[in-house]
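Beneath this line is the structure, given in structure tokens, with notes to follow.
What follows draws every value from the coordinates through simple rules; no lab data is involved. Note that the coordinates shown come from a computational prediction; the quantities given were computed from them, not determined experimentally. Because the Cβ atoms are built from the backbone with ideal geometry, glycine has one as well, and the counts that use them run over all protein chains shown.
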Amino acid sequence: MPDNQFGQPVGNNLLNWQPRQPPQNMVLQGRTCRIEPLNVPKHLNDLYEAYSQAPDGRDWTYMFAGPFTNKETFADYLTSAAASLDPKHYAIVELASEQALGTFSLMRIDVHHGVIEVGNVAFSPRLKQTTMATEAHFLLMQYVFEQLHYRRYEWKCDSLNAPSRRAALRLGFTFEGIFRQAIVYKGRTRDTAWFSVIDKEWSAMKTAFNSWLSPHNFDAQGHQIKPLEEIRKSQ
């Protein structure tokens with residue numbers, strides 16, 4: 001780290017730094033899925049059907065909204081989400097069926113400092129723990145670092161949400177700590193677990209993602225040959 005004129009250590013200078021652009025209404029195409037802006041007329045029926053396949057409402061326990069007991073209340077939620085600019089919501093569409101199977105968003109968008117968070121991750125049973133799920137996160141992360149050129153990509157969740165914490169670590173996020181009593185939601189207190197990826201880590205992470213997503217990493221039944229974590233550690 002450099003020192004300033006007073007002999008104090010300071011952060012490295014960012015030459016020609018400019019505020020970044022907010023997320024746009026882009027379409028991101030992968031091998032198994034497509035990311036596109038959330039659209040109520042286009043996605044409502046698919047998403048309601050996909051989420052309705054869950055046996056109960058546990059997937060919404062750690063979300064700020066839901067579970068939804070009827071299509072009308074879900075449509076209200078989706079309409080509000082689609083109109084929002086921060087969070088900016090996207091649908092995840094399975095290419096094989098052309099059906100929307102989940103949503104997530106880019107949120108807490110800080111264009112001045114180049115910081116953004118992925119959140120509101122609502123994956124249906126058909127999407128969770130699939131190649132599509134990993135590819136969707138990869139496509140969004142790639143968009144943030146390579147097209148928007150943000151410096152920091154965050155993941156936050158209830159500290160009690162073990163599946164979300166495992167997912168963040170599997171995808172390559174670094175755990176940064178717990179913010180105690182950070183949020184009140186659904187009448188409950190929440191300690192928030194913080195994770196991040198920064199821009200200088202992206203190149204190696206992208207290589208690992210591409211290796212994992214390669215058709216050569218899956219057997220005839222579609223099962224992975226090498227886990228993403230193993231590929232990342234072997235680099």
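Here are some notes:
- When residues of segment 44-60 are limited to those that are within 16 Å of Val121 (Cα to Cα) and touching a residue at least 60 places away in the same chain (Cβ under 8 Å), the one farthest from the chain's Cα centre (by Cα): Ala54
- Positions within segment 94-119 being in contact with a Cys (Cβ under 8 Å, 6 or more places away or on another chain) and charged (D, E, K, R), in sequence order: Glu94
Here's the yes/no breakdown for (1) buried (at least 18 other Cβ atoms within 10 Å of the Cβ); (2) not β-branched (Val, Ile, Thr):
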{"site": "Ile109", "(1), (2)": "yes, no"}
{"site": "Ala133", "(1), (2)": "yes, yes"}
{"site": "His137", "(1), (2)": "yes, yes"}
{"site": "Val144", "(1), (2)": "yes, no"}
{"site": "Ala162", "(1), (2)": "no, yes"}
{"site": "Leu171", "(1), (2)": "yes, yes"}
{"site": "Phe175", "(1), (2)": "no, yes"}
{"site": "Val184", "(1), (2)": "no, no"}
{"site": "Thr189", "(1), (2)": "no, no"}
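- Of all residues in segment 132-157, those being assigned to a helix (DSSP H, G or I) and either touching a Leu at 6+ places or on another chain (Cβ under 7 Å) or not charged (D, E, K, R) (or both) number 15.
- Listed conditions (1) of a type in the set (D, E, K, R); (2) over 13 Å from the mean Cα position of the chain (by Cα); (3) within 28 Å of Gln21 (Cα to Cα) are all met by Lys156, apart from (2).
- The residues of segment 37-58 that are buried (at least 18 other Cβ atoms within 10 Å of the Cβ) and touching a Phe, Trp or Tyr at 6+ places or on another chain (Cβ under 8 Å), listed by number, are Leu38, Leu44, Leu47, Tyr51.
- Of the numbered criteria (1) in contact with a helix residue (DSSP H, G or I) (Cβ under 8 Å, 6 or more places away or on another chain); (2) assigned to a loop (DSSP other than H, G, I, E, B); (3) of a type in the set (D, E, K, R), the one Asp59 fails is (2).
- Across segment 191-213, the number of residues qualifying as loosely packed, with under 13 Cβ neighbours inside 10 Å and not charged (D, E, K, R) comes to 2.
- Single residue of segment 45-56 satisfying the filter (assigned to a loop (DSSP other than H, G, I, E, B) and of a type outside the set (A, V, I, L, M, F, W, C)) that is farthest from Arg188 (Cα to Cα): Gln53
- Where a residue in segment 190-216 is within 12 Å of Phe138 (Cβ to Cβ) and its partner, wherever it lies, is part of a helix (DSSP H, G or I) and not acidic (Asp, Glu), with Cβ under 6 Å and at least six apart: Trp202/Phe145; Ala208/Ile231; Ala208/Arg232; Phe209/Phe138; Ser211/Ile231; Trp212/Leu228; Trp212/Ile231
- If you filter segment 75-94 down to residues that are more than 18 Å from Lys156 (Cβ to Cβ) and in contact with a Gly (Cβ under 8 Å, 6 or more places away or on another chain), you find that the one that is surrounded by the most Cβ atoms within 10 Å (Cβ to Cβ) is Ile92.
- Members of segment 185-235 that are among the small types (Gly, Ala, Ser), more than 24 Å from Asn161 (Cβ to Cβ) and assigned to a loop (DSSP other than H, G, I, E, B): Ser214, Ala220, Gly222
- Matching residues, segment 109-131, being of a type in the set (Val, Ile, Thr), in a strand (DSSP E or B) and in contact with a helix residue (DSSP H, G or I) (Cβ under 9 Å, 6 or more places away or on another chain): Ile116, Val118, Val121
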